[in-house]
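Quick note: the coordinates plus some simple rules give every number you see, no bench work behind them. Keep in mind that this is a model prediction, so the values were computed, not measured. Cβ: placed from backbone, ideal geometry, glycine included. Neighbour counts: every protein chain shown.
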């Protein structure tokens with residue numbers, strides 16, 4: 001009880017010391033070839049790990065969504081990594097998602113089970129390139145939507161002859177990684193963080209399976225923001241709460257460039273519950289060049305004071321970080 005009271009007092013002190021909330025999203029590209037390898041690199045303080053931690057500490061967000069981070073069952077890696085930033089994130093939400101999770105089905109139809117492409121979401125192992133939410137404020141509730149069916153949010157991929165591309169289509173899950181609605185308690189009330197990392201709309205064939213899945217995941221976000229009741233993994237069917245919401249995501253989609261399907265993303269960016277934000281380049285692909293794929297989209301009722309992308313002129317730091325993504329942030333006024 002004493003420890004809980006001390007934590008609350010520290011949180012209350014933090015709340016009274018600032019009148020802005022900085023939120024951010026960052027694809028850190030910290031995926032490794034096997035389980036435990038990222039934790040090993042973190043403990044050894046490899047240069048790319050330290051460079052990413054330095055970028056995070058420089059921007060100093062209060063709430064941060066990390067994507068592309070290898071998670072584990074006990075959150076050991078994310079806790080050790082958060083410590084390297086030097087920032088006190090007392091609340092971490094990082095359950096394992098669909099990436100690398102075995103479906104038990106022969107999804108790719110090659111007659112074998114347990115291939116990478118037989119997982120609910122692509123990944124070398126369970127927890128591969130997952131998501132983690134770090135917060136200075138208490139995480140008080142959460143809803144996960146990792147078991148929703150793909151077929152309820154978009155059309156199926158088809159072969160050239162019109163047949164279903166996936167034999168197990170009705171069973172396939174929507175989320176390539178995870179879809180979260182996380183409630184965070186601020187000094188002035190509750191805030192919902194809507195977090196997502198849809199699959200890249202590339203690396204497929206004429207059936208456009210990844211493109212269709214990316215669009216379907218974005219469709220979920222638009223419909224949930226629009227008030228549609230959704231069934232979460234605990235079985236609760238309910239709409240998004242009527243509290244302010246901020247969408248943090250690597251949507252793997254640019255509204256004007258790249259191979260993603262544009263109508264759904266454009267509808268999401270123009271959603272009346274969200275406010276328009278400046279268009280920022282957030283990634284620099286080796287072949288495709290710069291695009292906007294990472295997003296911080298606040299509720300229309302919130303007051304945005306400032307926003308930006310951390311893209312320093314220090315190329316050496318960016319080279320050490322290795323990830324091609326850049327951290328995007330926004331400052332929100334706290335009443």
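Assuming R0 = 30 Å, what is the FRET efficiency of residue 229 and residue 114, from their Cβ-Cβ distance, to the nearest 0.05?
Details: r = 35 Å, r/R0 = 1.17.
Plugging the Cβ-Cβ distance into 1/(1 + (r/R0)^6) gives 0.30.
Using only DSSP helix segments of four residues or longer, with each worth -39500 (n - 2.57), what per-residue ellipticity at 222 nm results for the chain after dividing by its residue count and rounding to 500? Kindly include the intermediate steps, with their values, before the conclusion.
Numbers: 7 runs with 77 residues, N = 335.
That calculation yields -7000 deg cm²/dmol at 222 nm.
Over segment 169-316, what is the percentage of antiparallel beta bridges among all DSSP beta bridges, to the nearest 5? Mind dumping the intermediate values first?
On the way: 19 of 24 bridges.
Around 80 percent antiparallel, to the nearest 5.
Kindly state, to the nearest 0.05, the FRET efficiency for residue 164 paired with residue 256, given R0 = 41 Å and r defined as their beta-carbon distance. Before the final figure, lay out the partial values.
On the way: r = 31 Å, r/R0 = 0.77.
Calculated value: 0.85.
Can you tell me the orientation of helix 47-59 relative to the chain, as the angle in degrees between its alpha-carbon axis and the longest Cα principal axis, to the nearest 10?
Relative to the chain, helix 47-59 is tipped by roughly 60 degrees.
Just need the relative contact order of the chain here, percent rounded to a whole number, with Cα pairs under 8 Å and 6+ apart. Don't skip to the end; give the middle numbers.
On the way: 756 pairs, mean separation 61.6, N = 335.
Relative contact order of the chain: 18 percent.
For 285, 180, what ranking results if the residue with the fewest other Cβ atoms within 10 Å of its Cβ goes first? Numbers along the way, then the final one.
Values: 285 13, 180 25.
Least to most surrounded, the residues fall as 285, 180.
For 178, 57, 142, what's the fewest-to-most ordering of other Cβ within 10 Å of each Cβ?
Values: 178 23, 57 13, 142 19.
In order of increasing Cβ crowding within 10 Å: 57, 142, 178.
Which ordering of 140, 282 is given by a fewest-first count of other beta-carbon atoms within 10 Å?
Taking fewest neighbouring Cβ atoms as first place, the list is 140, 282.
What angle, in degrees between 0 and 90 and rounded to the nearest 10, separates the Cα long axis of helix 2-17 from the longest principal axis of the Cα atoms of the chain?
Taking the Cα atoms of the chain, the angle to 2-17 is about 80 degrees.
Please determine, in degrees from 0 to 90 and to the nearest 10, the orientation of helix 209-225 with respect to the longest principal axis defined by the Cα atoms of the chain, where the helix direction is its Cα long axis.
50
If you work out volume of the Cα convex hull per residue in Å³ from the coordinates, which of [x] 131; [y] 142; [z] 205 do you get?
It is the value labelled [y].
In segment 148-171, which residues have a backbone nitrogen under 19 Å from the label point lying 7 Å from residue 238's Cα in the Cα-to-Cβ direction?
148
Evaluate E = 1/(1 + (r/R0)^6) for residue 40 and residue 267, where r is the Cβ-Cβ distance and R0 equals 45 Å; express this FRET efficiency to the nearest 0.05. Numbers along the way, then the final one.
Details: r = 43 Å, r/R0 = 0.95.
It comes out at approximately 0.60.
Looking at the chain only, what percent of DSSP beta bridges run antiparallel? Nearest 5 please.
Numbers: 49 of 61 bridges.
Just about 80 percent of them are antiparallel.
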